[in-house]
Protein chains: 2
Amino acid sequence: MPQNLPSEIPLGRFIFERLHQLGIDTIFGVPGDFNLALLDHVYEVEGLRWAGNANELNAAYAADGYSRIKGISCLVTTFGVGELSALNGIAGAYAEHVGLIHIVGVPSIAATQKQLLLHHTLGNGNFTVFREMSENISLTSTVLSDLATAPSELDRCFKAAVIHKRPVYIGIPTNFFEDGVASSLLDTPLDLAPKPNDEEAEDEVVDTILEMVGKSKNPVWLLDACCTRHDVKEEAKQLVDITQFPVFVTPMGKSSIEEDHPRFGGVYVGTLSNPDVKKAVESADLVLSIGALLSDFNTGSFSYSYQTKNVVEFHSDYCKIKQATFQGVQMKHVLARLIASIKPVVKSYTPAVVPTSPQAWKTISHDPSTKFTQQWLWLRISSFLKEGDIVLSETGTSAFGIISSHFPKNTVGISQVLWGSIGYTVGATLGAAMAAQEIDPSKRVILFIGDGSLQLTVQEISTMARWGLNTYLFVLNNNGYTIERLIHGMTAQYNDIQIWDHHKMLPLFSGNHDYENLKVGTVAEVEELFNDAEFNKPSKLRMIEIMLDEKDAPDNLVKQAEITAKTNAAQN
Amino acid sequence: MPQNLPSEIPLGRFIFERLHQLGIDTIFGVPGDFNLALLDHVYEVEGLRWAGNANELNAAYAADGYSRIKGISCLVTTFGVGELSALNGIAGAYAEHVGLIHIVGVPSIAATQKQLLLHHTLGNGNFTVFREMSENISLTSTVLSDLATAPSELDRCFKAAVIHKRPVYIGIPTNFFEDGVASSLLDTPLDLAPKPNDEEAEDEVVDTILEMVGKSKNPVWLLDACCTRHDVKEEAKQLVDITQFPVFVTPMGKSSIEEDHPRFGGVYVGTLSNPDVKKAVESADLVLSIGALLSDFNTGSFSYSYQTKNVVEFHSDYCKIKQATFQGVQMKHVLARLIASIKPVVKSYTPAVVPTSPQAWKTISHDPSTKFTQQWLWLRISSFLKEGDIVLSETGTSAFGIISSHFPKNTVGISQVLWGSIGYTVGATLGAAMAAQEIDPSKRVILFIGDGSLQLTVQEISTMARWGLNTYLFVLNNNGYTIERLIHGMTAQYNDIQIWDHHKMLPLFSGNHDYENLKVGTVAEVEELFNDAEFNKPSKLRMIEIMLDEKDAPDNLVKQAEITAKTNAAQN
């Protein structure tokens, strides 16, 4: 807490001091006349900055990306026009368990009571409609109406977002921004510990699991999205180390565990998995699944086919053992109990062999004169990546391709596999890069995006330049929406896009920030680039255009598209 | 109707044939896997095209702009991610009475019934949530569930959008796109005539108005947004011609009547009006107001102060005389009745003097060596404009400035004064320009936008180039959000933006389309440009950067900002 605060501070300042206590150093959003006076207070908090995004959807994506690195984020928009523009981004955070505090500056209580036909309203005197729309995609919501309870109501929402990793909606009437509250409220930090589990239920879960592990001959761990999102990566790693069971990840679970870990077996995506990964997971007699989010693209269209019925699912707010659900039993506590108690029951266990497919990246062939395929590219990227990188892959060929890439230690992968909103990663890259800048400015942030998706949110690259971020922007140029082409309409005009001269992009947006434009089309050009020591340093903002064939795609996407097309056809 | 249709056609084709019958020649939107198979059918309808927008919000804005020219438009998005991105644009169309048909490709009935954890869902099996969000900002909504009733249900929604000029929401499960319906359904065009008024109520309204007119000594007409939107411009003009009462417009009503009409008196904005306009309107003893939308920015913050209580409001779905509301009495019929019956009661009327302020643009001074002000610029633009132009002015300094500009005959002005979403006009310009291309390719479409607003939606300029549109893009460069600066935070960093090199914009987006970059900073440069015959022809896509002082703004905006700031302060 900053020293020497006056005993009374404006509510606006209270909000940003509190958010700063939670580890938030950047506020995302766009100014609007119902939030301007609130924004004044951002600048009063030492170490806090206002990102100043190009639009609200991008700002929401940025807040999502930031939160995936720092655990929580804040977005500020204005009533009506601003908040509605952000909804798709908020819904994505909701679907994918991302903690995000959405603060909306709304008309004063006086204007609301008079139902004035203000600008940014629907012209029908209905002032509650926008909050109602957001409630559908928020864990909880509030519109402040009483100064006396405002700080506790704010704290309630802040806590919910941090603990449960979902968006919360907070509307603040303009008349409250300057109202005074006691600064001593900040002396007590928010208690962010999850509440304890019901003791009896937790005992039953732990005992049952230990019994199942004791009886099992070849169990596996399977780590999914919520392993990272709900912060149990460390617990998972310890359990793998203790048990020595092979560990697999889903596409959304990628980067939940080091891929160089001797027990790491690869990425499991149902029928889209490498055959040896598929066999290893599906022949297990016990599947210990942590943080599962079983969406179609995360599971090869629901094509899991375990041979066993012994499946344990660990979730943030419940556990499931075979068919029994234990509501409210949070995995965080259960995993801690297992760390303390699992060793004796696995004493006699002989570690199963780990599949070799995750090593494919080490042995790819290089014919330097040829145009490369995506299949080659994604393997090749593995050795460009280095420890600590943050890697974003856009919905489309990139999100499928990155599954084949090997991640070095502490690599963080970000991909919106469940919500799958194209354009997401440009905003998310900004957010992740601002978070990285705060944590360790030498960290590299790397985006892979197709030329089609790039068009939706391109202007947020300008905010990267504004903050002096040296991100890598790999633009996969295949003249349109190749993922859609594979699903339906291979030659349809609607999957084509207006061709941009990508090399004019950084000149348009960069202002005084140093940038570099690059282009690769052959194996030799990729090799030269990845072997260039200067290129490997994040010393400027770089756009690397990768020239690809319109129909080229990673193998797993081709297979997924066939399944999706077949499913659609079967339904007609 | 196209000849030689087979007796049964896919529902997808039925939809687009029907929309084409309504005068829609362009479908806006972004492809997504739940709408791809639907889009195939766009290409089967002769004379129909798929715009292929850069993102969904821009597409919604474009559909809005198109509808303001052609009376109706269609936007196609995909489930979840696509439709939510468009909501702010849909809400704007709702607030401002714009007919817009929003078609969303949603998961098949089979997938919905199984509550599959599909991509583009919230991951909670709730498939109805997105429709519910849209219902708040739609006149009506449907999700098709039965092929037998699908055509009539679609027709019901199409009619509602056309007649009532509001958005409608139509979800179509993917399994229906190819299902066959009878093509003979298309033989009966939709009946788009408004239903008759209750006879007794209409009689009472007409008789009362005639009596009031008969007693009045200096009545005025006041034309507002819904005069254009609900298509009664022709009726209004006839009534002005017959009665010879002076006629005024509101900011949103600008272009409801020719400004060269001998009885045109100027723009009335309450206290922000020119003094002689204010006096003329407020001293009238009868105000006949057609299509009013009395929002803050449309009324000088509700500062109307008529001296009379004799106010008649004509609305699309009710009339109001003094304090009496006649629900369901539609102005379209009432105005027609008045045209037929008003002449006798105004026989003895002596036309009041029309204010001279609308002529100010003819006498502005020109000191060619000076940097110009916005106040000068907006008057000067008057003589650049020519008959038939479509002029879009972005929320901000442009929407306020354009009020002072004189519009030649048949000029159409588009400005989102009530909803006021910044960035709107880039998309709306695309939509208006595509409509203009269909109506008369020689028409000029002219955008005025600030550099701040431009950043939100800039990529839609690429779609203008894609379709060979030769729009004029005037970019007012004042280094950020000047309208916000005037309201709050004149020197605050949050009102600054990343500075772009605007001259790289068209090179990035234009592909093979011919473009020109221009820049003006002095009176002499503006004069030279506007006097250049070649520049006056819409022969290429042009970006004209206008260099302005950060704090410079039209006088009426400065006044409006003072009122807004004062109102906010009083509420704290």
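Which one of A:85, A:73, A:7 is open to solvent by 10 Å² or more (accessible area, probe 1.4 Å) and either touching a residue at least 24 places away in the same chain (Cβ under 8 Å) or among the charged types (D, E, K, R) (or both)?
A:7
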Can you confirm whether residue B:329 is closer than 29 Å to residue B:405 by Cα and not assigned by TED's automatic domain parsing to the domain that holds residue B:418? no
Only one of (1) open to solvent by 10 Å² or more (accessible area, probe 1.4 Å); (2) assigned to a loop (DSSP other than H, G, I, E, B) fails for residue A:98. Which number is that? (1)
Considering only the range B:453-493, how many residues are at pLDDT 95 or above and of a type outside the set (S, T, N, Q)? 16
Let me confirm something: among A:437, A:493, which residue is within 8 Å of chain B (Cβ to nearest Cβ) and surrounded by fewer than 24 Cβ atoms within 10 Å (Cβ to Cβ)? A:493
Checking residue A:109 against (1) surrounded by 24 or more Cβ atoms within 10 Å (Cβ to Cβ); (2) modelled with pLDDT under 95, the condition it does not meet: (1)
Would the range A:156-168 turn up any residue that is outside any loop (DSSP other than H, G, I, E, B) and within 27 Å of residue B:92 (Cα to Cα)? yes
How many residues does the range B:173-202 contain that are closer than 30 Å to residue B:113 by Cβ, β-branched (Val, Ile, Thr) and out of contact with any helix residue (DSSP H, G or I) (no Cβ under 7 Å at 6 or more places or on another chain)? 0
Here are some conditions: (1) open to solvent by 20 Å² or more (accessible area, probe 1.4 Å); (2) in contact with a Gly (Cβ under 6 Å, 6 or more places away or on another chain); (3) outside any loop (DSSP other than H, G, I, E, B). Residue B:277 meets all but one. Which one does it not meet? (1)
List the residue pairs whose Cβ atoms are under 6 Å apart, where the first residue sits in the range A:335-352 and is outside the structural domain of residue A:316 (by TED's automatic domain parsing) and at pLDDT below 90, the second is among the charged types (D, E, K, R) and open to solvent by less than 50 Å² (accessible area, probe 1.4 Å), and the two are 6 or more positions apart or on different chains. none
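Output the number of residues of the range A:303-327 satisfying the condition of being within 17 Å of residue A:248 (Cβ to Cβ) and either over 20 Å from the mean Cα position of the chain (by Cα) or within 14 Å of another protein chain (Cβ to nearest Cβ) (or both).
10
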Any helices (runs of 4 or more DSSP H) falling wholly within the range B:323-413 and containing at least 1 residues that are in contact with an Asp or Glu (Cβ under 7 Å, 6 or more places away or on another chain) and not hydroxyl-bearing (Ser, Thr, Tyr): B:331-341, B:374-384
Of the conditions (1) more than 14 Å from every other protein chain (Cβ to nearest Cβ); (2) among the β-branched types (Val, Ile, Thr); (3) over 21 Å from residue B:362 (Cβ atoms), residue B:402 clears all except one; give me its number. (3)
Candidate set from the range A:4-34 (those that are among the small types (Gly, Ala, Ser) and more than 13 Å from chain B (Cβ to nearest Cβ)); member that is farthest from residue A:99 (Cα to Cα): A:7
Do we have residue A:42 as within 9 Å of chain B (Cβ to nearest Cβ), in contact with a strand residue (DSSP E or B) (Cβ under 7 Å, 6 or more places away or on another chain) and either not hydrophobic (A, V, I, L, M, F, W, C) or not in a loop (DSSP other than H, G, I, E, B) (or both) here? yes
How many of the residues making up the range B:292-320 are farther than 29 Å from residue B:401 by Cα and surrounded by fewer than 18 Cβ atoms within 10 Å (Cβ to Cβ)? 4
Let me spell it out: the conditions are (1) more than 9 Å from every other protein chain (Cβ to nearest Cβ); (2) open to solvent by 10 Å² or more (accessible area, probe 1.4 Å); (3) in contact (Cβ under 8 Å) with a residue 60 or more places away in the chain; (4) not aliphatic (A, V, I, L, M), and residue A:460 meets all of them except one. Which number is the exception? (2)
Considering each of B:429, B:395, B:425 in turn, give the residue that is in contact with a Phe, Trp or Tyr (Cβ under 8 Å, 6 or more places away or on another chain), surrounded by 24 or more Cβ atoms within 10 Å (Cβ to Cβ) and modelled with pLDDT of 95 or more. B:425
Sort out which residues of the range A:498-533 are open to solvent by 40 Å² or more (accessible area, probe 1.4 Å), assigned to a helix (DSSP H, G or I) and more than 8 Å from chain B (Cβ to nearest Cβ), and write them in order of number. A:503, A:524, A:525, A:528
Are there any pairs, at least 6 apart or on different chains, whose C-beta atoms fall under 6 Å, with the first in the range B:175-202 and within 14 Å of chain A (Cβ to nearest Cβ) and the second assigned to a loop (DSSP other than H, G, I, E, B) and open to solvent by 90 Å² or more (accessible area, probe 1.4 Å), and if so, which? B:175/A:572; B:178/A:572
Identify, by number, the condition in (1) under 19 Å from residue B:138 (Cβ atoms); (2) within 11 Å of chain A (Cβ to nearest Cβ); (3) of a type in the set (S, T, N, Q) that residue B:124 doesn't meet. (1)
Checked B:139, B:147 against criteria (farther than 28 Å from residue B:68 by Cβ and more than 7 Å from chain A (Cβ to nearest Cβ)); the one match is B:147
Being more than 10 Å from chain B (Cβ to nearest Cβ) and of a type in the set (A, V, I, L, M) is the filter; apply it to the range A:52-70 and report the residue that is farthest from the chain's Cα centre (by Cα). A:59
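Residue by residue through the range A:144-169, note down the ones that are under 29 Å from residue B:560 (Cα atoms) and open to solvent by 50 Å² or more (accessible area, probe 1.4 Å).
The one that is under 29 Å from residue B:560 (Cα atoms) and open to solvent by 50 Å² or more (accessible area, probe 1.4 Å): A:145.
Go through A:370, A:395 for me and flag whichever is closer than 23 Å to residue A:450 by Cβ and either outside the structural domain of residue A:484 (by TED's automatic domain parsing) or over 30 Å from the mean Cα position of the chain (by Cα) (or both).
A:370
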Any chance you could count how many residues in the range B:10-48 are under 23 Å from the mean Cα position of the chain (by Cα), among the small types (Gly, Ala, Ser) and open to solvent by less than 10 Å² (accessible area, probe 1.4 Å)? 1
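The values are calculated or read from the model by the stated rules, or taken from the named source; none is laboratory data. Nothing here was measured: the structure is a model prediction, and the numbers come from that model. Because the Cβ atoms are built from the backbone with ideal geometry, glycine has one as well, and the counts that use them run over all protein chains shown. For the accessible areas, the whole protein counts, side chains as well, though only heavy atoms, and no ligand, DNA or RNA atoms are used. Shrake-Rupley method; radii C 1.70, N 1.55, O 1.52, S 1.80 Å.
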